[in-house]
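J.: Quick one: this structure, given as structure tokens, is what I'll be asking you about.
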Amino acid sequence: MDLNLRKAIKNNIAGNNEEQLEATIVDAVESGEEKMLPGLGVLFEMLWQGANEKDKKYVLDILEQETNQL
């Protein structure tokens with residue numbers, strides 16, 4: 001069986017509006033379930049690929065701040 005997880009996740013969220021995407025993210029983060037991590041990873045990959053350099057810097061700054069608080 002050939003399972004392309006990335007493709008399946010993208011198909012699952014295709015056409016979602018902002019509200020639906022936010023609900024997906026909030027649900028994944030709040031649930032804390034390990035099985036949600038691949039979906040968040042695909043969303044992050046899409047964000048990163050669509051971001052300009054300023055937006056990428058912004059994301060990196062936030063991640064650096066958060067990792068420094070661990």
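What follows is calculated from the coordinates using simple rules that are stated; it is not laboratory data. All of these numbers come straight from a predicted model, not from anything done at the bench. Cβ placement follows ideal geometry from the backbone for every residue including glycine, while neighbour counts extend to all protein chains displayed.
J.: Collect the residues in segment 42-55 that are over 22 Å from T24 (Cα atoms) and either touching an Asp or Glu at 6+ places or on another chain (Cβ under 6 Å) or not acidic (D, E) (or both), keeping them in residue-number order.
T.: Correct list: N52, K54.
J.: What pairs come out if I take residues in segment 31-56 that are in contact (Cβ under 8 Å) with a residue 24 or more places away in the chain and pair them with residues that are surrounded by 11 or more Cβ atoms within 10 Å (Cβ to Cβ) and among the charged types (D, E, K, R) whose C-beta lies under 6 Å away, six or more apart or interchain?
T.: Partner pairs satisfying both residue conditions: V42/R6.
J.: Could you run through segment 22-61 and say how many residues are under 10 Å from the mean Cα position of the chain (by Cα) and among the hydroxyl-bearing types (S, T, Y)?
T.: 1
J.: Check every one of the helices (runs of 4 or more DSSP H) wholly within the chain and list those with 2 or more residues that are aromatic (F, W, Y).
T.: Passing ranges, in order: 37-50.
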